[in-house]
Amino acid sequence: MADDTEFMPAKNASEDGEFVRDATYINDRVVADLPAGSDPVGEKIGEMRWPVEAGRYRLMAARACPWASRSIIVRRLMGLEGAISMGLAGPTHDVNSWVFDLDPDGKDPVTGMHRLQEAYFNRIPDYPRGITVPALVDLPTGSVVTNAYQKLNLDLLTEWSAFHRDGAPDLYPDEHRDEIDELDSWIYPTVNNGVYRSGFAAEQGAYEQAYDELWASLDRLEERLTTRRYLAGDTITVADIRLFTTLVRFDAVYHGHFKANRNKITEMPALWGYLRDLFQTPGFGDTCDFPQIKEHYYNVHRDVNPTGIVPKGPDLAGLLSPHHREELGGRPFGAGTAPGPIEDPSERVPEGHGAG
């Protein structure tokens with residue numbers, strides 16, 4: 001067993017009532033320069049390298065989770081369905097683990113696992129940190145390879161190129177990488193994680209600071225997107241995927257549940273048009289399951305919503321209304337093409353669970 005001494009119990013610590021996300025992940029990488037079928041290289045969990053190999057791994061995700069939704073979108077846009085299978089956990093979970101309760105007999109049909117926790121324990125017995133999605137699982141051993149979603153997505157874009165579909169877009173183009181990274185440096189802490197800092201704050205001052213930073217950044221994004229179709233360059237990049245998964249949950253969850261209620265995204269013309277544009281792009285809206293999203297937040301976060309009541313609204317049909325963002329120019333997939341229809345019935349969002 002590799003050294004796992006760094007994996008001490010999670011502490012989502014709060015200082016002065018501020019929510020601090022536990023960001024310690026299993027940072028192993030899956031890389032193309034190792035022979036398929038080889039064992040992982042490295043002595044320490046979190047620093048090991050695994051070979052790119054079609055059929056070897058399973059992406060464990062949940063449509064409810066914005067971090068997992070990023071990986072679901074990336075996998076679909078790059079056409080990796082045939083190389084990496086996907087297991088979907090249900091929207092609710094207890095303190096122990098995400099659960100595969102959407103599948104027959106409550107077990108993932110490929111691994112036979114009831115709880116994702118089993119894959120973590122197979123890698124690190126009594127794993128003491130949070131059982132998070134997305135997680136890439138090695139099927140021969142049934143163990144987690146990585147749950148570091150940012151590096152996982154980067155590897156899907158750069159290391160798995162041999163298995164990308166024809167027409168796969170360049171979501172992390174060389175000429176915009178510095179700009180994408182700079183955008184993430186402030187969008188992540190103030191928007192993606194900012195809604196959580198607002199919703200889970202334990203003191204008024206911490207809440208108000210998170211709230212103010214959130215809205216300062218959303219105003220900054222509103223201004224930026226008034227004159228440009230996408231965040232970086234004239235095509236969709238990972239920067240847009242990262243922002244989309246927060247924006248699409250905003251009016252349905254974060255506005256009320258997390259007290260991020262200055263106004264709704266529907267009341268911000270540029271962001272609302274941008275969100276509709278992305279939602280209507282193949283690979284984005286067709287991966288969103290709103291009943292699961294709302295069930296997760298309102299039912300699991302009983303410290304925020306003690307009754308567990310899930311609101312019926314809001315009406316999300318407006319996501320399908322015309323956006324006219326094409327007038328700003330740009331090409332969604334650049335020199336590439338849109339992905340085709342979702343072929344696997346088990347990966348389609350159930351009818352009535354989208355915006356229509």
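The values are calculated or read from the model by the stated rules, or taken from the named source; none is laboratory data. Quick caveat, the model's predicted, so the values are computed rather than measured. Here the Cβ is made from the backbone with ideal geometry for all residues, glycine too, and neighbour counts use every protein chain on show. Just the protein is used for accessible areas: all its heavy atoms, side chains included, with ligands, DNA and RNA removed. Shrake-Rupley method; radii C 1.70, N 1.55, O 1.52, S 1.80 Å.
Residue count for segment 1-53, restricted to those that are in a loop (DSSP other than H, G, I, E, B), under 30 Å from P189 (Cα atoms), in contact with an Asp or Glu (Cβ under 6 Å, 6 or more places away or on another chain) and at pLDDT 90 or above: 2.
Here F258 meets the list (1) open to solvent by less than 10 Å² (accessible area, probe 1.4 Å); (2) closer than 13 Å to A64 by Cβ almost entirely, failing just condition (2). Filtering segment 290-300 for residues that are part of a loop (DSSP other than H, G, I, E, B) and buried (at least 16 other Cβ atoms within 10 Å of the Cβ) leaves an empty set. Evaluation of E179 against the conditions (1) free of Cβ contacts under 8 Å to residues at least 24 places away in the same chain; (2) more than 19 Å from S71 (Cα to Cα) shows that the sole unmet condition is (1). Scanning segment 322-339 for residues that are in a loop (DSSP other than H, G, I, E, B) and either surrounded by 12 or more Cβ atoms within 10 Å (Cβ to Cβ) or modelled with pLDDT under 95 (or both) turns up H323, G330, R331, P332, F333, G334, G336, T337, A338, P339.
The C-beta contact set for segment 327-356 (first residue without any contact (Cβ under 8 Å) to a residue 40 or more places away in the chain, second residue assigned to a helix (DSSP H, G or I), distance under 7 angstrom, 6+ apart or interchain) comprises G356/A317; G356/L320.
Conditions tested, residue by residue: (1) assigned to a loop (DSSP other than H, G, I, E, B); (2) within 16 Å of P134 (Cβ to Cβ).
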site: K151; (1), (2): no, yes
site: D155; (1), (2): no, yes
site: R165; (1), (2): yes, no
site: A168; (1), (2): yes, no
site: E179; (1), (2): no, no
site: S185; (1), (2): no, no
site: T190; (1), (2): no, no
site: Y196; (1), (2): no, no
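Restricting attention to segment 106-149, the residues being in a helix (DSSP H, G or I) and under 22 Å from the mean Cα position of the chain (by Cα) number 5. All of N147, N122 fail the test of being open to solvent by less than 20 Å² (accessible area, probe 1.4 Å) and either modelled with pLDDT under 95 or not β-branched (V, I, T) (or both), apart from N147. Could we say that D234 is acidic (D, E), open to solvent by 40 Å² or more (accessible area, probe 1.4 Å) and part of a loop (DSSP other than H, G, I, E, B) here? Yes, satisfied.
Assessment of segment 82-98 against the conditions (assigned to a loop (DSSP other than H, G, I, E, B), surrounded by fewer than 20 Cβ atoms within 10 Å (Cβ to Cβ) and at positive phi) yields no matching residue. Cβ separations smaller than 6 Å between residues 6+ apart or across chains give the following pairs from segment 294-309 residues that are closer than 14 Å to Y196 by Cβ to residues that are part of a loop (DSSP other than H, G, I, E, B): H296/A64; H296/P91; V300/T92. For segment 25-45, the condition holds for no residue, the condition being that it is under 26 Å from H114 (Cα atoms) and of a type in the set (G, A, S). Taken over segment 233-247, the criterion of being free of Cβ contacts under 8 Å to residues at least 60 places away in the same chain and farther than 25 Å from P134 by Cα is satisfied by no residue. When residues in segment 262-281 are screened for being among the charged types (D, E, K, R), closer than 15 Å to A252 by Cβ and part of a helix (DSSP H, G or I), 2 of them pass. Within segment 53-79, residues that are closer than 11 Å to P339 by Cβ and of a type outside the set (V, I, T) have Cβ atoms under 8 Å from residues that are in a strand (DSSP E or B) and open to solvent by 10 Å² or more (accessible area, probe 1.4 Å) in these pairs: R75/M86, counting only partners at least 6 apart in sequence or on another chain. Within the option set E267, E347, being among the acidic types (D, E) and open to solvent by 60 Å² or more (accessible area, probe 1.4 Å) holds for one residue only, E267. When residues in segment 160-192 are screened for being of a type in the set (G, A, S), within 21 Å of the chain's Cα centre (by Cα) and either over 28 Å from R21 (Cα atoms) or open to solvent by 80 Å² or more (accessible area, probe 1.4 Å) (or both), 2 of them pass.
Tell me which of these R63 doesn't satisfy, since it passes every other one: (1) modelled with pLDDT under 95; (2) basic (K, R); (3) open to solvent by less than 40 Å² (accessible area, probe 1.4 Å). So R63 meets the others, but not (1).
Looking only at residues that are open to solvent by 50 Å² or more (accessible area, probe 1.4 Å), touching a residue at least 60 places away in the same chain (Cβ under 8 Å) and charged (D, E, K, R) in segment 199-231, which one is farthest from G313 (Cα to Cα)? Selected residue: R228. For segment 303-317, the condition holds for no residue, the condition being that it is modelled with pLDDT of 95 or more, surrounded by 16 or more Cβ atoms within 10 Å (Cβ to Cβ) and part of a helix (DSSP H, G or I).
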